[in-house]
Amino acid sequence: MIEVVLLGSAQDGGVPQVGCNCCIDLKQRYPVSIGLSDSDGGKHLFEATRNLGEQLRLWGVTEVDSVFLTHAHFGHVDGLGLFGKETMGVKGINLYCSKSMSSLIERTPNWSLLLTDGVFNLNSESEVKFPGVSIESLKIPHRSELSDMHAYLLRGDKTLLFLPDHDTWSETLEGKDIRTWLSDLGVDIALIDGTFMSEDELQNRDQSKIPHPPVKQTLQMLGQRQKGDPEIVFIHLNHTNPLCYDTNPVSSLGWKVGIEGMRFII
Ligand SMILES: [Zn+2]
Ligand SMILES: [Zn+2]
Ligand SMILES: [Zn+2]
């Protein structure tokens, strides 16, 4: 049995977010992450967040065999150091990411030290096989100041897409509609970017500088869930997103909002 657990459902800053009162009473959400158990019990973590400790406890594991990274934005990588000698002190974990992300790791002193110390072995293969499941990376347009961005397709008996961040549907879909794009990729379960509910959600910030397709737009494109549609779950919620406390706009159409501990069998 291949199981995937949602270990974090929030955007990079988590919920509640530091320095903010708007979300202070909301249930805590960790920065986005998933855990995959292969059919031999191997444990594979996607993203290394600063809440790694809580996330491994939630998952019920104390060590992982490999770590996959989608891209270099802060919330997805700021837990890498926790594997090093100051904390877990583990060795020989396979760290999978793109060539551009690998090169950033090699060029960043704090991270290259983790390579020198043998904590991580870097690996940039675009397809990796584990017992009962293979992992494929898929390049996705997203702000690339530091590295490019790759979503992951986890293929067991079913296929799960992990797409926490992207800029716009028009760039990602390249002329297709969401259903066709997912069906061409063979996706049964899609964990997708639900950062903002609407395009004018941030009161004091220029939201155009942090583009994500608003959930409202995605829902408009999808409409009601039809027979044969994949399961779609919105993740990577910003602390300002009303879906953090009211999932009705999504669930009334037959889709889901991610929450820590959600499990998927693939
Ligand atoms: Zn992010
Ligand atoms: Zn807030
Ligand atoms: Zn990002």
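The values are calculated or read from the model by the stated rules, or taken from the named source; none is laboratory data. Worth saying up front: this structure is predicted, and the values here are computed from it rather than measured. When we count neighbours, we look across all protein chains shown, and the Cβ atoms used for this are built from the backbone with ideal geometry, even at glycine. These accessible areas exclude ligands, DNA and RNA; they are computed on the full protein's heavy atoms, side chains included. Shrake-Rupley method; radii C 1.70, N 1.55, O 1.52, S 1.80 Å.
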- Cut-off of 10 Å, at most 16 other beta carbons, DSSP loop: longest stretch of the chain lacking such GluC sites (Glu not before Pro): 200-266
- Query: Does the range 1-78 come out rounded, prolate or oblate, given a ≥ b ≥ c as the square roots of the eigenvalues of its C-alpha gyration tensor, rounded meaning a/c under 1.5 and, failing that, prolate meaning a/b above b/c?
  - Reply: prolate
- Item | Proximal lysine pairs, the range 3-265, alpha carbons under 17 Å, eight or more residues apart or interchain | 8
- What spacing in nm lies between the two simple spin-label points modelled at GLU231 and SER103, each 7 Å away from Cα in the Cβ direction? 3.9 nm
- Sites matching chymotrypsin sites (Phe, Trp or Tyr not before Pro) across the range 176-266 that sit in DSSP coil, with at most 15 neighbouring C-beta atoms within 10 Å: TYR245
- Task: Report, in deg cm²/dmol and to the nearest 500, the calculated mean residue ellipticity at 222 nm for the chain, where each DSSP H run with n ≥ 4 adds -39500 (n - 2.57) and the sum is divided by the residue count.
- Result: -5000 deg cm²/dmol
- Task: Could you tally the net charge around LEU7, taking each other residue with its Cβ under 14 Å from the Cβ of LEU7, Lys/Arg +1 and Asp/Glu -1?
- Result: +1
- Relative counts (whole %) of C-alpha pair distances in the range 3-265, using bins that are 5 Å wide: 1, 6, 13, 18, 20, 18, 12, 7, 3, 1, 0
- Task: Quantify, in whole percent, the carbon and sulfur part of the accessible surface of the chain (1.4 Å probe; protein heavy atoms only).
- Result: 48 percent
- State the antiparallel share, in %, of DSSP beta bridges confined to the range 1-66, rounding to the nearest 5. 85 percent
- Taking R0 as 45 Å and r as the Cβ-Cβ distance between ILE24 and THR168, the FRET efficiency 1/(1 + (r/R0)^6), rounded to the nearest 0.05, comes to 0.90
